[in-house]
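Q: Quick one: the structure is below, and I'll ask about it shortly.
The values are calculated or read from the model by the stated rules, or taken from the named source; none is laboratory data. Because the structure is predicted, anything quoted here is derived from the model rather than measured. Every residue, glycine as well, gets a Cβ built from its backbone with ideal geometry; the counts of neighbours run over all protein chains shown.
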Amino acid sequence: MDDRLRRSAAHVLVNDLDSCDLDDIADHHLRRVLRLRGGESVTLTDGRGRWRAACWTTSGVEPVGETVTVERVPEIAVALAIPKQDKPEWTVSKLVECGVDRIILLNCERSVVRWDAGRSERNVERLERVARSALEQSRRVHRCVIEGPVSASAVLPEAVAAEPGGRHLEAGDRLVAIGPEGGWSPSELELAHDRVDLGTTVLRVETAALVAAVTMTGMR
């Protein structure tokens, strides 16, 4: 990571790196939450792999230097059954911080948590805000996409399913699917591209997702 990204007082998402216009969310965060002082360093990203340094002023941000483009490394994704209570927000935040590029929410045969259509839209919007905050906190320059909820059967043929007794994760694995606390059904396991074992203990959905993410990011 470029040292300017690591050491900036704040890192925010903008729509256009040429104009560097802040939306209300970014302006409020810098002005009211962080209470930046004039002259402090800020970095801006469009979430598409481009970023630039800037300087905070009372009227907004002034760009400093040229735009930098960071090539995307091989994409990794985690598909998971929707966790209980407030765990979806926590899980998305940590997966984004770990470097996951795509998060797919699953409805599984044994899922405990299911969202109806109206609730799904509201919850995904909330998770997208969580993902944005995590992107900014972790100084990422590529957005993480939130998808779903979708049926596990639509994802498993392209995924390796986390299941005790499976093989170890390998460098070529790019999509890991995490089942619900009740486990995958036999018919779902039959659909999976392969099976991978994430350890010797029984993990919660959110813990298994993080183990998979850290392992995959460490191999790419």
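Q: Please enumerate the residues belonging to the stretch 191-210 that are farther than 21 Å from P149 by Cα and either surrounded by fewer than 19 Cβ atoms within 10 Å (Cβ to Cβ) or not assigned by TED's automatic domain parsing to the domain that holds I104 (or both).
A: Once the filter is applied, which keeps residues that are farther than 21 Å from P149 by Cα and either surrounded by fewer than 19 Cβ atoms within 10 Å (Cβ to Cβ) or not assigned by TED's automatic domain parsing to the domain that holds I104 (or both), the stretch 191-210 yields D194, R195, D197, G199, T200, T201, V202, L203.
Q: Restricting attention to the stretch 9-23, does a residue exist that is outside the structural domain of Q137 (by TED's automatic domain parsing), touching a residue at least 60 places away in the same chain (Cβ under 8 Å) and not hydrophobic (A, V, I, L, M, F, W, C)?
A: yes
Q: Across the stretch 2-26, what is the total count of residues that are over 25 Å from V145 (Cβ atoms) and of a type outside the set (G, A, S)?
A: Total satisfying the criteria: 3.
Q: Of the numbered conditions (1) at pLDDT 90 or above; (2) under 29 Å from E170 (Cα atoms), A10 satisfies every one except a single condition; which is it?
A: (2)
Q: Still on this structure, please answer the following. Check L95, L105 and return the single one that is buried (at least 18 other Cβ atoms within 10 Å of the Cβ), in a helix (DSSP H, G or I), touching a strand residue (DSSP E or B) at 6+ places or on another chain (Cβ under 7 Å) and not assigned by TED's automatic domain parsing to the domain that holds L30.
A: When all the criteria are applied, what remains is L95.
Q: How many residues, within the stretch 120-151, are in a strand (DSSP E or B) and within 23 Å of L44 (Cβ to Cβ)?
A: 3
Q: From the list V73, V78, V64, pick out the single residue that is of a type in the set (V, I, T) and surrounded by 14 or more Cβ atoms within 10 Å (Cβ to Cβ).
A: The unique qualifying residue is V78.
Q: In this structure, does A154 turn out to be outside any strand (DSSP E or B) and under 30 Å from R4 (Cα atoms)?
A: For A154, the condition - outside any strand (DSSP E or B) and under 30 Å from R4 (Cα atoms) - is not met.
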